[in-house]
Every structure is written in structure tokens, then in C-alpha cells.
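Below: one structure, written as C-alpha cells.
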Amino acid sequence: MKELTKAEEEIMHVLWEAGKGFVKDLIARLPEPQPKYTTVSTIIRILEEKGFVGHNAYGNSHEYYPLITKETYSEHATKSVMKKYFGGSLNRLVSFFVDKNDISDKELEELQKIIQKNQNP
């Protein structure tokens with residue numbers, strides 16, 4: 001699976017939330033300042049080429065929809081970050097956030113519960 005640029009990811013988040021939409025619908029969901037129609041249309045075509053988006057044609061109009069779920073891409077992106085920055089080690093990834101104090105005590109407790117649940121299926 002290919003990586004998404006920041007702009008492509010922004011469009012995918014809109015599509016994941018909306019489920020489907022025409023370019024004008026997607027633009028309406030984007031924050032100000034909204035990009036031009038041609039910009040979003042170009043990004044959508046790139047996403048189609050990458051296999052992330054499909055469309056239904058209605059005459060000259062195209063309604064776009066995601067081919068990849070948010071969860072599938074999230075898993076890919078997380079593994080990519082782990083590989084690039086943490087040598088593929090989940091332990092190093094979690095240790096990084098714990099060391100930077102980016103994980104609260106409550107979140108640590110929740111992680112411990114998840115680990116215990118998965119150890120005793």
C-alpha cells in the first residue's frame with residue numbers, strides 16, 4: 001500500500017466520514033480556506049490511481065467513495081511509522097510516548113487491561 005500525502009490524507013478523511021460524495025460535496029466538508037475544485041479533483045484522481053478511491057459515473061459527474069477503510073490505512077500507517085522511526089518495535093514506540101509523558105496514568109491502565117485481555121483469551 002502506498003503512503004498518502006497530507007493533502008491526500010485530508011481528502012480520504014472526508015471520504016471516510018462522508019462515505020461517498022461528489023467533488024463539490026467533499027470541498028464543502030473541508031475547513032477554510034477551502035481548496036479549488038480543480039485541486040480536489042486532481043487529488044481524487046491521484047487517489048484513484050493509487051487504489052484508494054473508486055467512483056460511480058452519472059453522465060459527466062462522478063461520485064467518489066473509499067476503497068480502503070480508515071482502519072486498514074491506520075494499521076498500515078502505524079506499522080510504517082513503527083518501522084521508520086522505531087525499528088519495527090512496538091515496545092520502542094510505546095516507550096517513546098511514556099518517556100515523553102504523552103501517556104496519562106489512565107491510558108497506561110487501559111493499555112495494561114488490553115494486554116492482559118489479549119494474554120488470556
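The values are calculated or read from the model by the stated rules, or taken from the named source; none is laboratory data. All values derive from a computational prediction rather than experimental measurement. Neighbour counts run over all protein chains shown; Cβ positions are idealised from the backbone, glycine included.
Of note:
- Residues that are hydrophobic (A, V, I, L, M, F, W, C), assigned to a helix (DSSP H, G or I) and modelled with pLDDT of 90 or more do occur in the range 46-54.
- Test: residue in the range 76-92 that is part of a strand (DSSP E or B), within 25 Å of Glu10 (Cα to Cα) and not β-branched (Val, Ile, Thr): no
- Leading residue by the ranking (surrounded by the fewest Cβ atoms within 10 Å (Cβ to Cβ)) among those in the range 1-60 that are free of Cβ contacts under 8 Å to residues at least 12 places away in the same chain and hydrophobic (A, V, I, L, M, F, W, C): Ala57
- Selection from the range 40-75 of residues that are of a type in the set (Phe, Trp, Tyr) and farther than 12 Å from Glu9 by Cα: Tyr58, Tyr64, Tyr65
- Some residue of the range 70-87 being of a type in the set (A, V, I, L, M), under 19 Å from the mean Cα position of the chain (by Cα), within 18 Å of Lys24 (Cβ to Cβ) and modelled with pLDDT of 90 or more: no
- Unique residue being exposed (fewer than 11 other Cβ atoms within 10 Å of the Cβ), farther than 30 Å from Ile11 by Cβ and either more than 22 Å from the chain's Cα centre (by Cα) or of a type in the set (A, V, I, L, M, F, W, C) (or both) when the list is Ile103, Ile114: Ile114
- Condition met for Met12 (in a loop (DSSP other than H, G, I, E, B) and of a type outside the set (Val, Ile, Thr)): no
- Taken together, the residues in the range 61-75 that are exposed (fewer than 11 other Cβ atoms within 10 Å of the Cβ) and part of a loop (DSSP other than H, G, I, E, B) amount to 1.
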